[in-house]
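Report on the following structure.
No value in this document is a laboratory result; all are computed from the given coordinates. Small disclaimer: the values here were computed from a predicted structure and weren't measured. Reconstructed Cβ throughout: ideal geometry from the backbone, glycine too, with neighbour counts over all protein chains shown.
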Amino acid sequence: MAARKTNAVDSVAQLEKELAQVKAQLAKARAQQELEAQKIVTALNKETTKASTKAKAARTKLAAARKKKTAAGARQAESAKATLETAKAAQDAAKAELATAKQKLADIKADNKLASEHAKAEAKAEAAMAKVKKAEARKEAAKAKAAAKKAAAKAKVKAKKEAARARAAAKKAAAKAKAKAKKAAAKAKSATKKKTTTRKKATTKKAATKKTTARKSPAKKAGAKKSTAKKASTKKRASKKAATKKTGTRRGRPPKKAPASA
């Protein structure tokens, strides 16, 4: 559709260009026609003047011949009369032709004047049309500029809103991340504190156990030594008893001698 419209506009522009060229050619042809007609009138004017001069000379000659009262004078008068009639006819023809040429020149001039006035009026109308078009174009340009300015302002406001929204979102995200980081830090701190407390408790318990062990150890060692000594004494007594029983020692009697070996 746009291509068709462009082509149509181009066709109109082409025709307008061709019309302007034809108008220029027509104006040139009109001027040439008027010039040619003027040349013809000038030439016919000269011819008419010559014919008038001849007629005048023939009339003078006729008058001079008529003054003579002789037969030769009569013959001269007749000849001069014929010459005058011929000259007069030529003068009349030249005058008629000149009148026709002048009328034609007048008609051409009138046509050219009318065409010139029409061209001037057309040029004036075209200038007025061009002025109107220019004013409309200026108006459209102003409207387009205002629309562009309005669109730019609207886009600026939109961009400002978007930027504000983005800043708010970024601020919110930053606050959220900060809160999350704070919470994580607090959690880590709590875990570390708990771990430290547990380690401290374990250390304290270990130290207390070690102290208790250290405290209990001498008594236990003493008891162990006493028990060992007691056990050793009992064992000694038992050994002694066993030895006495083995040897068969009796009260107040010496032990039996062992038999000699063979």
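Report the extension gain between Gln32 and Ala152 in nm, rounded to one decimal, defined as 0.36 nm multiplied by the number of residues separating them, less their alpha carbon distance.
Contour length minus Cα-Cα distance gives 37.2 nm.
Need one number: the % of Cα-Cα pairs in the range 23-170 sitting beyond the 24 Å mark.
69
Given the pairs Lys39/Lys95; Lys150/Lys171; Lys158/Lys180; Lys50/Lys95; Lys109/Lys131, which span a C-alpha to C-alpha distance of over 21 angstrom in this model?
Lys150/Lys171; Lys158/Lys180; Lys109/Lys131
Calculate the translational D of the range 83-172 in whole µm² s⁻¹ from Stokes-Einstein, where the hydrodynamic radius comes from the Kirkwood formula applied to all Cα pairs, the temperature is 4 °C and the viscosity 1.567 mPa s.
Calculated translational D: 63 µm²/s.
Using θ = phi - 60° and the Karplus curve 6.51 cos²θ - 1.76 cosθ + 1.60, what whole-Hz ³J(HN,Hα) does each residue of the range 96-113 get, with Gly and Pro shown as x?
Whole-Hz 3J(HN,Hα) from phi for the range 96-113: 5, 5, 5, 5, 4, 5, 5, 5, 5, 5, 5, 4, 4, 4, 5, 4, 5, 5.
Where a Cα-Cα gap under 14 Å defines reach, which aspartates and glutamates qualify for Lys67, not counting those fewer than 8 residues away within the same chain?
Answer for Lys67, where 14 Å is the Cα cut-off: Glu78, listed by chain and number.
Which FRET efficiency value, to the nearest 0.05, is calculated for Lys56 and Lys120 with the Förster distance at 45 angstrom and r the Cβ-Cβ distance?
0.45
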